[in-house]
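What follows is a single structure, written as structure tokens, with notes after it.
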Amino acid sequence: MAEYDYDVLVIGAGPGGYVAAIRAAQLGLKTACAELRETLGGTCLNVGCIPSKALLHASELFEEASHGAFAKFGIEVEGAKLNLEQMHAEKKKAVGELTGGIEYLFKKNKVTWLKGKASFTDASTVTVGEQTVTARDIVIATGSSVTPLPGVEIDQKVVVDSTGALALPKVPEHLVVIGGGVIGLELGSVWRRLGARVTVVEYLDQILPGFDGEVRKESAKLFKKQGFELKTGTKVTGVTVEGETATVSLEPANGGAAETLTADAVLVAIGRKPNTDDLNLEAAGVKLNNRGQVEIDHDFATNVDGVWAIGDVAPGLMLAHKAEDEGVAVAENIAGQTGIVNHDVIPSVVYTMPEIAGVGLSEEAAKEKGEIKVGKFPFMANSRAKTNRDTDGFVKVIADAKTDRVLGVWIVSSLAGTMIAQAAQAMEFGATSEDIAYTCHAHPTHSEALKEAAMAVRGKPIHV
């Protein structure tokens, strides 16, 4: 029987990769994790989820303090000033604490961190930096990177990607965001709150592709109310830079008169692509699908025995929590246990204000599958939201008309990201709208709106 350096080698230390490595080690497998970055945590912790949420929180506090939001509650604040350098420093501190925490967890669980770029030599051999290691099972968890816009050069000064947008040294006067998805709207929100004029350019006719149609419309209305300029149904044909100024050329997606926008910062946020280019997958015989993702089966196994793939590099939603769940599941499968992820019940959240969250099917997708019932409840009628003057948004519950089983839940609210967890858990257990409607919710809380929306599926809400 062949001897290997490791039982399991994980390539990539993002959310899926580091979780897979820790879980494999917990299951008694000799485990290593190869990572090119100087710190662990991948895109999410270093230049994605965590730093963006730090800036979203800080910018929200600044906007509340500087725009009189506290006054109606009897709190008078005058002379609030922006210290962007300190805001970036606090963001960096949070990132360091969390990436350092993963390094601690590696040591605690005896996971070996192999530092360097990894590439396959064959199906069980990988070169990491200047060393070569073998493993019985190899997990590809290399994540994703920014999708480039053809013809547009990112210089990380005037034209930036999401990484550059997290580190702008000054507040832009005018920020043009190319892409009306989650990343563009979140980072656009940060800089709008700090004083920038923000224009979002989206090729499709609505922002937030893939979300429920009614939620997309409500979100657009709220963003416009906040001061965003949304140019939907519009494509970018070019970006030119002179000095510190960019000229963005636009035209209607369906054809029409061209126009230009002038900005001192342009954020390209049109999506992400799987990181497979430098892995030398051909040497291992691993196949990709037509979207450039590593093809896997239900158990996360590739076409090559002993090679697995999870997270953004594999098919499915590009979300950190999806990758983490897959990391646990793939480690358990490697160890001979049964690791399962229900990809039909993975919540998505946009961390703007209000937050926008959904799990399961949109109303449009549910209708394609059969007859449905829909219940809605506005936060305007929720007592806690009313008391907090936090009434934007609604809860929407979509259920099968015959079985009453919940097919999807969508929430627009300041607490949507937290509230969606209850909906996901209910759906995981096959809950009906009646199950949610007759579950006692603490009063007064925002979550009572979910109960009322579930009651509305049967036409019996109390407070509206």
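The values are calculated or read from the model by the stated rules, or taken from the named source; none is laboratory data. Since this is a predicted model, take the numbers as computed values, not measurements. Neighbour counts are summed over all protein chains in view; Cβ atoms, including those assigned to glycine, are modelled from backbone coordinates with ideal geometry. The accessibility values were calculated without ligands, DNA or RNA, using every heavy atom of the protein model including side chains. Shrake-Rupley method; radii C 1.70, N 1.55, O 1.52, S 1.80 Å.
Things to note:
- Spherically averaged projected area of the range 82-148 from its Cα convex hull (nm²): 7.6 nm²
- Translational diffusion of the range 346-464, µm² s⁻¹ [Kirkwood Rh, Cα pairs; Stokes-Einstein; 10 °C; 1.306 mPa s]: 115 µm²/s
- Per residue, the range 161-315 exposes 43 Å² of solvent-accessible protein surface, assessed with a 1.4 angstrom probe and all protein chains in place.
- Taking 4 °C and 1.567 mPa s as conditions, the range 65-179 diffuses translationally at an estimated 66 µm²/s according to Stokes-Einstein applied to its Kirkwood radius (Cα pairs).
- Taking the 1.4 Å solvent-accessible surface of the chain as the whole, the part contributed by carbon and sulfur is 50%.
- Each eigenvalue of the Cα gyration tensor of the range 122-229, multiplied by 5 and square-rooted, gives one semi-axis; in descending order these are 36, 19, 12 Å.
- Packing-based order for 347-353, 209-215, using average beta carbon neighbours within 10 Å, highest first: 347-353, 209-215
- Computed on the Cα atoms alone, the convex hull of the range 171-218 gives a volume of 70 cubic angstrom per residue.
- Its Cα centre serving as origin, the range 62-145 has a Cβ charge dipole (Lys and Arg +1, Asp and Glu -1) of approximately 420 debye.
- Compactness of the chain, expressed as Rg and Dmax over alpha-carbon positions, Å: 23.5, 74
- Legend: distances between Cα atoms for K221/K367; K117/K231; K170/K231; K117/K287; pairs beyond 31 Å are K117/K231.
- Volume of the Cα convex hull of the range 335-401, divided per residue and given in Å³: 155 Å³
- Bins of 10 Å from zero: percent of alpha-carbon pairs in the range 217-344: 10, 26, 22, 21, 17, 3, 0
- Spacing of the modelled spin labels on T262 and T237, each 7 Å from Cα toward Cβ, amounts to 2.0 nm.
- For the pair A71 and I346, a Förster radius of 56 Å applied to the C-beta separation gives a FRET efficiency near 0.90, rounded to the nearest 0.05.
- In this structure the range 374-446 gives 45 Å² per residue of accessible area when probed at 1.4 Å with all protein chains present.
- Prolate/oblate/rounded call for the range 421-464, Cα gyration tensor, a/c under 1.5 rounded: oblate
- Overall, the range 339-417 carries a charge dipole of about 280 debye about its Cα centre when +1 sits on the Cβ of Lys and Arg and -1 on the Cβ of Asp and Glu, all other atoms neutral.
- Listed peptides 187-196, 68-77, 99-108 appear in the order 187-196, 99-108, 68-77 once ranked by packing, highest mean of other Cβ atoms within 10 Å at the front.
- Treating each Cα of the range 255-317 as an identical point scatterer and summing with the Debye formula, the log10 of I(q)/I(0) at q = 0.13, 0.27 Å⁻¹ comes to -0.50, -1.24.
- Out of every Cα-Cα pair that the range 1-91 contains, those further apart than 16 angstrom amount to 68 percent.
- A simple packing score, the average count of other Cβ atoms within 10 Å per residue, orders the peptides 85-93, 35-43 as 35-43, 85-93, with the highest score first.
- With 10 Å bins beginning at zero, the pair-distance distribution over Cα atoms of the range 41-113 amounts to 18, 34, 24, 15, 7, 1 %.
- Full extension of the chain between T387 and Q226 yields a length gain of 55.8 nm, computed as 0.36 nm times the residue separation minus the alpha carbon distance.
- Relative contact order (percent, whole number), the range 1-53, Cα cutoff 8 Å, 6+ residue spacing: 36 percent
- Across the options F300, T99, P172, the greatest Cα extent toward the positive end of the charge dipole of the chain (unit charges at beta carbon of Lys, Arg, Asp, Glu) belongs to P172.
- Per-residue ³J(HN,Hα) for the range 13-25, Karplus 6.51 cos²θ - 1.76 cosθ + 1.60, θ = phi - 60°, Hz, x for Gly and Pro: 10, x, x, x, x, 5, 5, 4, 5, 5, 5, 4, 5
- A Förster radius of 30 Å combined with the Cβ-Cβ distance from T403 to M380 puts the calculated FRET efficiency at roughly 0.45.
- Multiplying the residue separation of E371 and N109 by 0.36 nm and subtracting their alpha-carbon distance yields 89.4 nm.
- Whether the range 212-282 is rounded, prolate or oblate, judged on the alpha carbon gyration tensor where a/c under 1.5 counts as rounded: oblate
- Considering only M419, Y438, S383, and ranking their Cα positions along the charge dipole of the range 375-439 that arises from unit charges at the beta-carbon of Lys, Arg, Asp and Glu, the one farthest toward the positive end is S383.
- The charge dipole of the chain, taken about its Cα centre with unit charges on the Cβ atoms of Lys, Arg (+1), Asp and Glu (-1) only, comes to about 1140 debye.
- Converting phi to 3J(HN,Hα) with the Karplus coefficients 6.51, -1.76 and 1.60 and the offset θ = phi - 60°, the range 417-428 yields x, 7, 5, 5, 5, 4, 5, 5, 5, 4, 5, 4 Hz in sequence order, with x at every glycine or proline.
- Heavy-atom accessible surface of the range 20-94, averaged per residue, reaches 55 Å², computed with a 1.4 Å probe.
- With q set to 0.27, 0.29 Å⁻¹, the log10 of I(q)/I(0) for the range 140-198, from the Debye formula over equal scatterers at the Cα positions, is -1.28, -1.41.
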